[in-house]
1. Assigned to a helix (DSSP H, G or I) and either surrounded by fewer than 22 Cβ atoms within 10 Å (Cβ to Cβ) or not assigned by TED's automatic domain parsing to the domain that holds residue B:262 (or both), is that true of residue B:314?
2. In region B:34-65, which residues are touching a residue at least 24 places away in the same chain (Cβ under 8 Å), surrounded by fewer than 21 Cβ atoms within 10 Å (Cβ to Cβ) and closer than 22 Å to residue B:389 by Cβ?
3. Given the criterion surrounded by 14 or more Cβ atoms within 10 Å (Cβ to Cβ), in contact (Cβ under 8 Å) with a residue 12 or more places away in the chain, in the same structural domain as residue B:137 (by TED's automatic domain parsing) and assigned to a helix (DSSP H, G or I), identify the matching residue among B:29, B:13.
4. Do you know which residues across region B:352-387 are crowded, with 19+ Cβ neighbours inside 10 Å, over 16 Å from residue B:188 (Cα atoms) and touching a helix residue (DSSP H, G or I) at 6+ places or on another chain (Cβ under 9 Å)?
5. If residue B:233 satisfies every condition in (1) at the interface with another protein chain (Cβ under 7 Å from one of its Cβ atoms); (2) at pLDDT 95 or above but one, which is the exception?
6. When the residues of region A:341-371 are narrowed to those that are part of a loop (DSSP other than H, G, I, E, B) and over 17 Å from the mean Cα position of the chain (by Cα), which ends up nearest to the other protein chains (Cβ to nearest Cβ)?
7. Of the numbered conditions (1) touching a strand residue (DSSP E or B) at 6+ places or on another chain (Cβ under 6 Å); (2) surrounded by 22 or more Cβ atoms within 10 Å (Cβ to Cβ); (3) more than 9 Å from chain B (Cβ to nearest Cβ), residue A:226 fails exactly one; give the number of that condition.
8. Quick test for you: out of B:243, B:238, pick the one residue that is at the interface with chain A (Cβ under 7 Å from one of its Cβ atoms), in contact with a strand residue (DSSP E or B) (Cβ under 7 Å, 6 or more places away or on another chain) and more than 30 Å from residue B:214 (Cα to Cα).
């Protein structure tokens, strides 16, 4: 197995970061110009390294031994990679790091015994252009209904179908097959290397996390209705202030998550009081609440604790509370066996590591929910910053992460019967 | 003195409410079509009752015995009235009630011994078209600098000078005199009858408040700066959540006002967290704070208590807090002697009453700050609602208020040497 050198990782990450739209950081929305340029560059890099680069109809890219032919006759494979798209003005590592890792590991694994290794570059994960829900990973797994091509559209009304036509014109997607859309490869194992996007590894001085669970989340929009009154003439004791009630609810959510203990989190990310003037007691306030946890029953308990407290606050303050739940995502367990194997390897490699749950969703969520044995690994994020131009990870950590992934891939591929 | 009958009050209030712009409630912005129509109607009502109706250059209207000539030779007068303008979609009583009361009391007082009584209808008090700061009362008192005519403009860029030209064309303002702009009448006493705009009289089952102070206020815009982080990957203990800090500050303001005791009030009327998404811990939050109190040192103590607590919250949570103070208004004491006289009269008339401070500013604030002996009286507001189409007061209370004002005017006018 050829060694992966530091510059293999860092130089390619620097090159990939150059494919971006305008403004700070990296902006690569699926099928846009920067995304397509990055897609072509990754394919050419793979080909220069002797790999085949095959795009599917959705613009997912597979980097593989030319001897391993895609299609219904393809053998089960070990898939390793991440997504190519970014949020607007995001960082240079989120997704990108895993795709470069996939390329390098696929190259390093070529000709190995055991499962063939296929690097994957999923087309869409962030939801920053379409709100289709992990369209890339789902299309890799044959989990897309043809009707979605016309119902999923971006802010400007461009449908997924029309956007694909643009991507095909730029050489970044294959022709649309007949529905149902079958996968090009069948994953026996899926691995994804990612930056943590949180501060824990850095705070604990660790190099690596073995990620054995992905948190689920639930979202609510809350409507608080009190009484808009003149702020000068309404004594404190006679007020029904919707924003003061909101303040108490925000703190109650924070408190409930703290009481539940890690990895429970509860976040009020948005608040809009109305009428929003200096001299009027707010009559209404909208709040957005998110709860996350890594186990279904814990998520339910957290959600119950927060919403119960919110109702108590509303009752005590004489305001009305409406709670509308939006789409969520259940918690997802990754493969315990793969996590154990990875932990053994990390010990052998003397990497300072820990088990961790991912608070964020990833392509891997889709693979795991489809029944594929999956695992993720995280490297530290400086100051926990992600989805930001300031997203950064020390080079040492980036290189160690890829080397660990290569060794893990080799061990798993060799010990998994074809 | 002719008696004032119930229908004198209620019929005229109903008629005045018909002069309004589009939409719910009453919208009369100074010098607009509805305002001018109401102005002409009030003048014609006064003339029908045998009074003179004289407008000044700013569109203030004086309703007076034709024998009392305005101008520099006019005797000192007792002025009684309120403002004609409204907020957008306001109620039928705020200001309007005091102008009808002024008309009726001026009529009832005609020919009485003592100070001549002049009903006044101030052109602008609400700041709903221009942010000139009580332009009506200030122009009544000769407190306007000519330059303001060109610097004060509405949202559409129409200056006060141009708006006055429109009002003159509609017969609702006199020609602009040479600066400095001298008053038409010199008030020896000013009285204003108003709805409470708060819930206290109703809650206490009272008919009348003798208002001996007008609260001052201070305004701050606060900028809280924490750290915007992924809500899924950032543990509660490592967050610096600007909105959670804001929640604590909102409650701290409420608590500080409660501790200071009535009539202290503190209100956070506006909050804007950013970026405002479900899955991002808010990185910044803007808050608008208002503190009110009726005595200067108490207002300062309240403001100090709130801002000190806010700084403590910011320090404890590791967020930055910037506080920018905007224009405010100092508390204003009205005439203690007039308040005592009014209290004696309310007792004699067996009206259930109390002393009260006004939390809101009024035309009377300007008269008091100019050194004129002033007093206000309030009648109850149903449910404390004001600046709303739902603004309402029982007819009995409306009529009682005007009868009390007429009796008070008579007593004060007769006992004040000309």
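1. Working: assigned to a helix (DSSP H, G or I): yes; either surrounded by fewer than 22 Cβ atoms within 10 Å (Cβ to Cβ) or not assigned by TED's automatic domain parsing to the domain that holds residue B:262 (or both): no.
Here the answer is no, as residue B:314 does not meet what is asked.
2. The answer is B:41, and nothing else.
3. Going through B:29, B:13 in turn, the sole match is B:13.
4. Those that are crowded, with 19+ Cβ neighbours inside 10 Å, over 16 Å from residue B:188 (Cα atoms) and touching a helix residue (DSSP H, G or I) at 6+ places or on another chain (Cβ under 9 Å): B:353, B:356, B:358, B:362, B:377, B:378, B:379, B:380, B:381, B:384.
5. Tallying (1) at the interface with another protein chain (Cβ under 7 Å from one of its Cβ atoms); (2) at pLDDT 95 or above, residue B:233 fails exactly one: (2).
6. Once the filter is applied, the top-ranked residue is A:352.
7. Every listed condition holds for residue A:226 apart from (1).
8. B:243
The values are calculated or read from the model by the stated rules, or taken from the named source; none is laboratory data. Quantities reported herein were computed from a predicted structural model and do not represent experimental measurements. All Cβ positions, glycine included, derive from the backbone under ideal geometry; neighbour counts span all protein chains shown.
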